[in-house]
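The values are calculated or read from the model by the stated rules, or taken from the named source; none is laboratory data. Remember, it's a predicted structure, so these values are computed and weren't measured experimentally. Reconstructed Cβ throughout: ideal geometry from the backbone, glycine too, with neighbour counts over all protein chains shown.
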Amino acid sequence: MTELETLQNQLKACRHCEGMLEPNPVVHGNAAAPILQISQAPGKKVHETGIPFNDASGRRLRREWYQITDEQFYDPDLFYITSMGHCYPGKGKTGDRKPPKCCYEMWTRREIECKPDTRLILVIGREAADRLFPKRDFTELIFEDQQINGVPCFVLPHPSPLNVRWFKMHPEFEETRMPEIRRKLHQVIDEADRQKALESGES
């Protein structure tokens, strides 16, 4: 069993925040997955199904922004999907509550460290961006290329329908920035497909 698999088993059994929320940690992906996606926390539908981004935000993310199939997005050998909080934090006054801060230190930070083969990091939403890039302007992060531990990283706004005001203020994200990010994402996917073909003995 790898270090990451051991960590994942411990994470699935975590009940640290019981009393503040209903524990049901969402874990997805394998150690060798070249794409690491980090977001805020599971929503209610994800909490109920255990499938990350299994909602309207996820459909927009993978079909409109990434322009990949559901099979590609949920391939554990292609995408490792994690978040600042692994359980649904509950409903707040506007949208969901923020995840407990302890979850990042207990689990997410260690997940990132256990993935040395990561080729591309995608950070989704302000909460994750604030934790990974403290004291940085969120919009500036989105329109500049970033790195985490030397790995290329892109910051994206959350694709939630509730985020409509930001998109109206920044139409250039979907017009010019997202196509740039998508090209890099597809490069990594194509490289992973070629590597898989080589390993399986295909020409």
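For segment 151-173, the set of residues classified as in a loop (DSSP other than H, G, I, E, B) and in contact with a Lys or Arg (Cβ under 9 Å, 6 or more places away or on another chain) consists of P157, H158, P159, S160, H170, listed by residue number. You will find that of E191, E127, E175, E140, the residue that is out of contact with any helix residue (DSSP H, G or I) (no Cβ under 8 Å at 6 or more places or on another chain) and either crowded, with 19+ Cβ neighbours inside 10 Å or β-branched (V, I, T) (or both) is E127 and no other. For segment 1-22, the candidate set comprises residues that are farther than 15 Å from P100 by Cα and part of a loop (DSSP other than H, G, I, E, B); within that set, the residue that is modelled with the lowest pLDDT is M1.
Looking only at segment 134-150, residues that are out of contact with any strand residue (DSSP E or B) (no Cβ under 7 Å at 6 or more places or on another chain) and in a helix (DSSP H, G or I) come to 3 in all. The sole residue among P76, P25 that is assigned to a loop (DSSP other than H, G, I, E, B), modelled with pLDDT of 95 or more, touching a helix residue (DSSP H, G or I) at 6+ places or on another chain (Cβ under 7 Å) and over 15 Å from S160 (Cα atoms) is P25.
When S160, S200 are checked against the criterion of being surrounded by fewer than 18 Cβ atoms within 10 Å (Cβ to Cβ) and modelled with pLDDT under 95, a single residue qualifies: S200. When segment 46-73 is filtered for residues that are buried (at least 21 other Cβ atoms within 10 Å of the Cβ) and not in a helix (DSSP H, G or I), the ones remaining, listed by number, are P52, F53, Y66.
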